[in-house]
Amino acid sequence: MSTIVRRLLPNTALCGLFLVLGTPLSWGSQSHRPAQPTWPSSSPADSHEGIPTTHEEGPEGSEDDDGDDDDSASGDDDDSASGDDDDSASFETSPLKPPFALPPAFPPLRLDDVPAEASAPAPDRAELSIIYEGATGGISGANSDLWADRFVSASLKHAPGDWTRVQSGFSAFQREGRWLLQRGGGIRQFHQAALGGLRADVTGAEEVEVLLGDDFAVIAWPKRAAEAIVPILEESLSSAPLRPPPKRVAMRGLPQESSDDDSILLVSRRGDDGPLEEKIDPLNWEVRLQTVYRGRTEDGQEAWVHVVARVTGEGARRYALTSAWRRSPSLYLSAGESVEGRSFLSGEELSLQRSHTWAAWKQLELTALAPGLSELIAGLDTLEAEAEGAGTRLCSVNLADPKGAPLFEQSCLETLAGRRIALLGWTDPGVAARLPPSLSKQLQVRGREALYEVLAQLASEPTDKPELVVLFGQGARSLAGHLPGVDIVLGDFTAELRLPRWEEVGEGALRSRAAEHPKARSPALVARLGPGLLGRIDLAFDDETDTLRRLRHLRARIGEDIPAANDWLRRVQGTRQEVYSSLEEILVPDLGELRAPTRAPKWLRRALPAKNRPATVLDSDGFARLAANLLLTRTGAQAALLRPLPHPIDVQGATQELVVDASLSVPDEVVLVDLTGAQLKALVSRIRIVQPKPGRGDPESTMRSDDRWAWAAGITADGSKITVRGRPVADDERIRLATTNFLSDDPTLAPTLKKAQVRGHFRDAGWRYLLVDKAIGQPLLLHDLVKGGLVILRDEDPSFGTAYQRELVPLMTDQSTRVSPRLTLELDGISVQLTGSVPVGDREGYENSRESRVQQQQSFTTAIRGRVALVYDDRIGSATAYALAAFGQTQIADTDEPIEHEDDLQAGAEGRIKVVNLPVPKTPIRLSTFIQTAFDTEFVAGTDADGVPLPLQRLWRTTSGFTLGRYRLFKEGKGGFFVEYDLEAEVGPVSPGFTVGVQTEKRWGPVRWATLLDLKGYLPTPVDTEEDLLFTLQMRSDLGVTVLRRLFPGLAIGGFVDALFFQGKMPSNDQAGIHLLVGVSLSYDADVRAPLPLR
């Protein structure tokens, strides 16, 4: 059977009814069970002070993007009483007539769906009400959004008058329908003007048309400018998708002159001619966001456009309306995220406004609270103390300690108007991923199974079963289809949608629902509410069956037309204005006005990919890119991962310190992690990384609440492929990652970092990154790093000129494809070797060869070998200085003493320049050109078996050619031509030739296998002798195991086989020979990066 849901869409009379009366829209008097049910009248005796009639028309909130308004007992989509899925049902509106009484039933549009029960007499009274809210942000919270400024800015660019933005920030003030609009300065200047006195310029008063929306106002001044520009702005604002067009409202503008001769415009409704007091009290005026544009009229007169935010959900107004509603029998519930959380002020952990919210809840007698993130962020002990002081019950069915015991009451039982009501709080499971690790370790957030356990307990009560079960809390709406025994669900507070103000569930539908088996019974109401709204549900019960007979649901928009409770307004404004006024300095200029210095022509700059262009909007993505790039750049890291940050205030133009501080209101400490490519891949597999893309909207809208994710800078992930600064990451490559302890201490991520080097302390001098004891020094807060970096940039160029832009533009640009410079000390193959030398083939004719291995005999060698290189790697190439050395003694068979030294040294330098990335599947191969020069020598000449000294090897080699970068097993390929100059040769010292080299590498956990192939061919010359070789081909294979990976990750034990093939140039030595080395080694490999001071 279809459910009958009757709605009355908003109209002036209904708005007047609920606001004038200030009581639950009842079916009787305010007594619990009146003998004579009557409808309330509209006489003054029944009204409450301070709640005027609103004159707004139309529904509140912003657009309903999905059109799903039906949250009552209709359809499976809303998990309500009826099992029929009838989303197409619509309803007529019925205007109220004097005496403003609601009829007993509203005529439905579809008569064939009306059940027989609908003709029965309707109940006349409401016994009790449930007042509820969620995601309000506390008494200081309010929805303030200057989205309209984007449309105004775009239209003024093409409007006549040469308009420019001159002011952005908290510079407008509102009180009782009046605005004081400044053209410059902020709260500090307003205080000075207010205390010095304002003088009205009566001769300059004019009437102007103001464009008024639910959450904005656009005022053009003077009247001549308004007549020209308002139609243009109205057309632009009307083009906003899913937004209603603004209304034109005639208002009065009156210039005010202050003692500082700063012009302030007073705007009030037409007919409001009351003057301002000579010295106004700033705390009686509410701070508002404002953007100011300056232009010229046709006759050259100065003109202004003010775009002002109008707030919804302001706490002092919410308090006033809740207080009026609480005068009748009611429960007052908060679904969480309704108190202020972290403070963004240095030295403060919690918001200074938080205590005001709890004090207000104490006066309003908040019945129960379902804790959310902002409540839990204070810590469990603090939250319990706050709730106890306010007399509020903490309810959560699914919050438990690590052992599974409930943290708070799972079922809060209340008795009101003789009815037993069970309140079940629900905490969004996604809270665990957003709490700091120190708090998340103290609790666990269970799933729906915890709710089922509580519902089963309620159903099994032998006596005193509740007559009404209410589930409330963030995210509870997603459970609505799985809740046998729940009557009302209050669980969606994210919808700033165009929702109906009134919903009614008819008596027939509720009777049908009551006749169903409890396990088949769906909720009668699944409510949706926005943060700027206050909800109230009026209920009536059947006295015989104790079941619901009538249910009506009201959503009240907390707009500026509702007067605020002045005491609470002054408390909130006192704290807000004091804090805001100290953080008004500009920290980041208008990004849209930046002109990055560049030598590239304009056509090339336009052709750049969008991700390589600097962001021009400091929205959530824009600020995340700026903060992550500062974290990356100032620590000298190659990549950065940053936890989700609070959403910045959406305001066009320059950014004040206040916005930066508010966006960094997290206690995170900077952490630097040195890890391998394999560890980085394991980390990325456990967390979703998001590249900031300014202007795209909130990325959280596409995620589940329990998703773990982080902003990324310098790193991209595509499946198992990870790139850092444009370089594919190999499993054994060492990466320096900058992040915060929010991620490094996360219980789900910490295991992947267990084997990495994690450091979170820094020295005072330059905050230098420590390489030794990680507990020495001091922690560095993310807030201090990001804001401190911006302050340094501003102080170096306070005019925000060319020097500033040169530094800021890279910070607003995607760094994931920009190869960053790095300085690395490479320690390769530092080893102790035990080697057996085996010559193969005839050595006749090679007696004078300068290649030492050609001369080596069968022997046993103990040697120390290694390579040390200092590498500077940049996006255009690299520069390397290196040294190779070997020192050892050779024990020849049948001799008692070592008679031959292995003494070899090579020192050189190499430079590379990137040419192109070759497009191959999965990973591009980097092609570079190189030039290398090296000095190769022996300090002590060797001797043969007869003790005759061998020729000393001392030569200079210069090589040039091309290299190919890493690809899968392939580590490096190199080819080119060289010229050797033998410093000891008596004839023919110059030997030209070519070289080809290939290196491969593969790792399986602790096992590493590497191969080397190095071919050198010497071109024939007229002066060749027996000293010269035609070619040498070295083939080497190493197999090692890192046995102490945690303590010494680069230390390995292994074996090797090294074969050298060679052939001479002369007929006397044209037979090929082989020299074989087989041995074991204890080696150490590492890439060491020097400590970098914080920049």
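Criterion applied to LEU1015, LEU1060, LEU1076 was being touching a His at 6+ places or on another chain (Cβ under 6 Å), closer than 21 Å to PRO839 by Cβ and not charged (D, E, K, R), and the one residue passing it is LEU1060.
Of everything listed in (1) surrounded by 23 or more Cβ atoms within 10 Å (Cβ to Cβ); (2) modelled with pLDDT of 85 or more, the single unmet condition for ARG477 is (2). Only one residue in ALA615, ALA662, ALA654, ALA624 is closer than 16 Å to LEU743 by Cβ and either in contact with a Cys (Cβ under 7 Å, 6 or more places away or on another chain) or small (Gly, Ala, Ser) (or both). Which one? Exactly one of ALA615, ALA662, ALA654, ALA624 is closer than 16 Å to LEU743 by Cβ and either in contact with a Cys (Cβ under 7 Å, 6 or more places away or on another chain) or small (Gly, Ala, Ser) (or both), namely ALA624. All of (1) crowded, with 17+ Cβ neighbours inside 10 Å; (2) in contact with a strand residue (DSSP E or B) (Cβ under 9 Å, 6 or more places away or on another chain); (3) not aliphatic (A, V, I, L, M) hold for PRO402 with one exception: (1).
Answer with yes or no whether LYS914 is part of a strand (DSSP E or B), among the basic types (Lys, Arg) and either outside the structural domain of VAL990 (by TED's automatic domain parsing) or at pLDDT below 95 (or both). Yes, satisfied.
Provide a single number: the residues in the range 380-416 that are touching an Asp or Glu at 6+ places or on another chain (Cβ under 9 Å) and among the small types (Gly, Ala, Ser). Final tally of qualifying residues: 4. Among the residues of the range 719-733, not a single one is among the polar types (S, T, N, Q), touching a residue at least 24 places away in the same chain (Cβ under 8 Å) and closer than 20 Å to LEU1047 by Cβ. Among residues that are surrounded by fewer than 18 Cβ atoms within 10 Å (Cβ to Cβ), in the same structural domain as GLY253 (by TED's automatic domain parsing), farther than 15 Å from PRO255 by Cβ and of a type in the set (Gly, Ala, Ser), GLY177 is included. Those strands (runs of 3 or more DSSP E) of the range 674-718 in which 2 or more residues are outside the structural domain of ARG968 (by TED's automatic domain parsing) and in contact with a Lys or Arg (Cβ under 9 Å, 6 or more places away or on another chain) occupy 709-713, 715-718.
When residues in the range 353-385 are screened for being assigned to a helix (DSSP H, G or I), more than 17 Å from ARG318 (Cβ to Cβ) and in contact (Cβ under 8 Å) with a residue 40 or more places away in the chain, 3 of them pass.
Scanning the range 345-376 for residues that are surrounded by 19 or more Cβ atoms within 10 Å (Cβ to Cβ) and among the hydroxyl-bearing types (Ser, Thr, Tyr) yields SER351, THR357, THR367, SER374. For the range 242-270, taking the residues that are loosely packed, with under 15 Cβ neighbours inside 10 Å and modelled with pLDDT under 85, the one that is nearest to GLN174 (Cα to Cα) is identified as ARG269.
Would you confirm whether or not the range 868-875 contains a residue that is within 24 Å of LEU1039 (Cα to Cα) and at pLDDT 75 or above?
Filtering the range 868-875 down to residues within 24 Å of LEU1039 (Cα to Cα) leaves 868-869.
Keeping just the survivors that are at pLDDT 75 or above gives 868-869.
Looking through the range 868-875, at least one residue is within 24 Å of LEU1039 (Cα to Cα) and at pLDDT 75 or above.
The single residue among LEU455, LEU443 that is under 30 Å from ALA540 (Cβ atoms) and within 40 Å of the chain's Cα centre (by Cα) turns out to be LEU455.
So which residues in the range 497-543 are crowded, with 22+ Cβ neighbours inside 10 Å and of a type in the set (Asp, Glu), if there are any at all? Correct list: GLU503, GLU504, GLU507, ASP538.
Within the range 630-657, the residues that satisfy the criterion of being buried (at least 24 other Cβ atoms within 10 Å of the Cβ) and either at pLDDT 90 or above or among the hydroxyl-bearing types (Ser, Thr, Tyr) (or both) are LEU630, LEU631, THR635, ALA639, ALA640, LEU641, LEU642, THR655. With the requirement that a residue be modelled with pLDDT of 85 or more and part of a strand (DSSP E or B), what does the range 174-210 give you? Of everything in the range 174-210, those that are modelled with pLDDT of 85 or more and part of a strand (DSSP E or B) turn out to be GLN174, ARG175, ARG178, TRP179, LEU180, LEU181, GLN182, GLU206, GLU207, VAL208, GLU209, VAL210. What do you reckon, is GLY491 under 22 Å from SER374 (Cα atoms) and touching a Pro at 6+ places or on another chain (Cβ under 8 Å)? No, not satisfied.
Any residue that is of a type in the set (A, V, I, L, M, F, W, C), in a loop (DSSP other than H, G, I, E, B) and either modelled with pLDDT under 90 or in contact with a helix residue (DSSP H, G or I) (Cβ under 9 Å, 6 or more places away or on another chain) (or both) - is there at least one of those in the range 228-238? So far as the range 228-238 goes, no, none of its residues is of a type in the set (A, V, I, L, M, F, W, C), in a loop (DSSP other than H, G, I, E, B) and either modelled with pLDDT under 90 or in contact with a helix residue (DSSP H, G or I) (Cβ under 9 Å, 6 or more places away or on another chain) (or both).
The set of residues in the range 676-731 being surrounded by fewer than 18 Cβ atoms within 10 Å (Cβ to Cβ) and on the phi > 0 side of the Ramachandran plot consists of GLY695, GLY697, GLY719, GLY726. In the range 1013-1027, the residues that are assigned by TED's automatic domain parsing to the domain that holds GLN999 and of a type outside the set (D, E, K, R) form Cβ pairs under 6 Å with partners that are exposed (fewer than 13 other Cβ atoms within 10 Å of the Cβ) and assigned to a loop (DSSP other than H, G, I, E, B), at six or more places apart or across chains, as follows: VAL1023/VAL987. In the set (1) part of a helix (DSSP H, G or I); (2) at pLDDT 90 or above; (3) small (Gly, Ala, Ser), the condition left unmet by GLY592 is number (2).
Filter the range 818-846 for residues that are surrounded by 16 or more Cβ atoms within 10 Å (Cβ to Cβ), under 20 Å from LEU1060 (Cα atoms) and touching a helix residue (DSSP H, G or I) at 6+ places or on another chain (Cβ under 9 Å) and give the result. Once the filter is applied, which keeps residues that are surrounded by 16 or more Cβ atoms within 10 Å (Cβ to Cβ), under 20 Å from LEU1060 (Cα atoms) and touching a helix residue (DSSP H, G or I) at 6+ places or on another chain (Cβ under 9 Å), the range 818-846 yields SER837, PRO839, ARG843, GLY845, TYR846. For the range 142-173, enumerate the residues that are of a type outside the set (Val, Ile, Thr) and assigned to a helix (DSSP H, G or I). Within the range 142-173, ALA148, ASP149, ARG150, PHE151, SER153, ALA154, SER155, LEU156 meet the criteria.
Residue pairs whose Cβ atoms lie under 7 Å apart, separated by 6 or more positions or on different chains, with the first residue in the range 794-808 and assigned to a helix (DSSP H, G or I) and the second of a type in the set (Gly, Ala, Ser), are GLU796/ALA803; GLN805/ALA596.
Of everything in the range 219-252, what is in contact with a Pro (Cβ under 7 Å, 6 or more places away or on another chain) and closer than 28 Å to GLY300 by Cα? Give them in sequence order.
GLU234, LEU237
Taken together, LEU1060, LEU1019 contain a single residue that is surrounded by fewer than 14 Cβ atoms within 10 Å (Cβ to Cβ), more than 18 Å from ASP731 (Cα to Cα) and not acidic (Asp, Glu), which is LEU1019. The set of residues in the range 1072-1095 that are touching an Asp or Glu at 6+ places or on another chain (Cβ under 9 Å) and at pLDDT below 85 comprises ALA1086, ASP1087, VAL1088, ARG1089.
Taking the options ASP1028, ASP1070, name whichever one is closer than 26 Å to VAL987 by Cα and loosely packed, with under 14 Cβ neighbours inside 10 Å.
Details: ASP1028 fails: loosely packed, with under 14 Cβ neighbours inside 10 Å.
After applying the criteria, what remains is ASP1070.
The values are calculated or read from the model by the stated rules, or taken from the named source; none is laboratory data. This structure is a prediction, so every number in the text was calculated from the model and none was measured. Cβ coordinates were reconstructed from backbone atoms using ideal geometry, including for glycine residues, and neighbour counts include every protein chain displayed.
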